[in-house]
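These notes are about the structure you will find just below.
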Amino acid sequence: MALDLTAVNQWMSAFAADVHENADLLTDLDRQIGDADHGSNMDRGMAAVVALDPGSFDSPAAYLKKAGMTLVSTVGGASGPLYGTFLLRVAGGWPSDGDAAGLGSALRAGLDGLLQRGRAAVGDKTMIDALSPALDAYDAHAGEGIGPALTAAAEACAAGRDATIPLVAKKGRASYLGERSAGHQDPGATSMTMLIEAAARTLS
Ligand code: ADP
Ligand code: MG
């Protein structure tokens with residue numbers, strides 16, 4: 001499938017549906033090491049994104065850019081600017097042809113934006129711990145095409161999410177807990193896995 005406006009709209013819609021369905025889970029995870037708002041934050045933001053009319057954009061990049069701006073403006077909390085920056089950067093690198101390497105570069109531009117914005121590193125117990133190994137897996141499988149690359153990315157993302165459990169948080173609200181943040185799954189890594197899993201279902 002081409003990485004066209006319809007595909008990108010399906011990606012955002014699938015992510016929004018997952019976030020909505022799992023809003024209580026995301027909020028419960030954030031209750032344990034944060035302030036119990038990650039599910040409501042993301043649900044509010046993605047509801048605003050799916051309310052956008054994809055027909056009013058002339059390219060997938062323009063739609064993704066608006067989706068990112070919408071998250072920045074509707075989501076209070078750290079995750080709005082972080083996911084917003086991710087989507088804005090992905091939009092900026094969106095490939096005009098549907099090639100796997102181009103999509104990989106766009107997603108990596110998104111990760112770079114997240115790293116710059118949040119100043120977190122791998123191992124800090126954030127969404128980065130899911131996204132970074134996901135994109136490494138994507139790159140390792142990009143030669144096989146978008147479908148296999150995104151499937152590998154989604155698996156690595158879920159493994160990275162699970163691997164946040166024993167970590168001690170170094171960034172975000174969870175870091176205020178220090179050692180007590182260990183033993184809990186990071187909410188942002190959990191929503192990030194939903195985003196990459198949604199990409200695997202819709203963009204391949
Ligand atoms: P807030 O922490 O402001 O309440 P949310 O609860 O919506 O915002 O989001 C929390 C999630 O944001 C965390 O689980 C973590 O994955 C992510 N996060 C927090 N700070 C950073 C950061 N500096 N870089 C990357 N991700 C971060
Ligand atoms: Mg929170």
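Quick look at the numbers
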| quantity | calculated |
| --- | --- |
| On Cα atoms only, tilt of 60-74 relative to the major axis of the chain in degrees | 30 degrees |
| The chain: calculated mean residue ellipticity at 222 nm from DSSP helix runs of at least 4, using -39500 (n - 2.57) | -22000 deg cm²/dmol |
| Within straight-line cross-link reach of K170, lysines at Cα separation under 30 Å, skipping those fewer than 8 residues along the same chain | K65, K125 |
| Dipole of the range 114-178, positive end: most advanced residue of L114, G147, A163 [Cβ charges, Cα centre] | L114 |
| Residue-count net charge about D124 - beta-carbon cut-off 11 Å; Lys, Arg +1, Asp, Glu -1 | +2 |
| Fraction in percent of alpha-carbon pairs per bin - 5 Å, the chain | 1, 9, 16, 22, 22, 16, 9, 4, 1, 0 |
| Residue-wise HN-Hα coupling along the range 16-28, computed from phi with Karplus coefficients 6.51, -1.76, 1.60 (Hz; x: Gly, Pro) | 4, 5, 5, 4, 5, 5, 10, 4, 5, 4, 4, 5, 5 |
| Mean separation of Cα contacts under 8 Å (6+ apart) over length of the chain, as relative contact order % | 23 percent |
| Residues with amide H under 5 Å from that of T164, placed H, sequence gap 5 or more | D186 |
| Least to most buried among D4, D43 (fewest other Cβ within 10 Å first) | D4, D43 |
| Residue order, fewest to most beta carbons within 10 Å, for V50, V75 | V50, V75 |
| Placed amide H near G123: partners under 5 Å, 5+ positions off or other chain | D129 |
| Karplus 3J(HN,Hα) series, Hz, for the range 142-159 with 6.51 cos²θ - 1.76 cosθ + 1.60 (x for Gly, Pro) | 4, x, 8, x, 4, x, x, 5, 6, 5, 5, 4, 5, 5, 5, 5, 5, 5 |
| Fewest-first sequence of T193, T74 by Cβ atoms within 10 Å of each Cβ | T74, T193 |
| Karplus 3J(HN,Hα) series, Hz, for the range 93-103 with 6.51 cos²θ - 1.76 cosθ + 1.60 (x for Gly, Pro) | x, 4, x, 6, 9, x, 8, 5, 5, x, 5 |
| Local electrostatic count, G55, Cβ distance below 14 Å [Lys/Arg +1, Asp/Glu -1] | -2 |
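Values in this text are rule-based calculations from the coordinates and carry no lab data. Predicted model only: the values in this text are computed from it and were never measured. Every residue, glycine among them, receives a Cβ derived from its backbone with ideal geometry; neighbour counts consider all protein chains shown.
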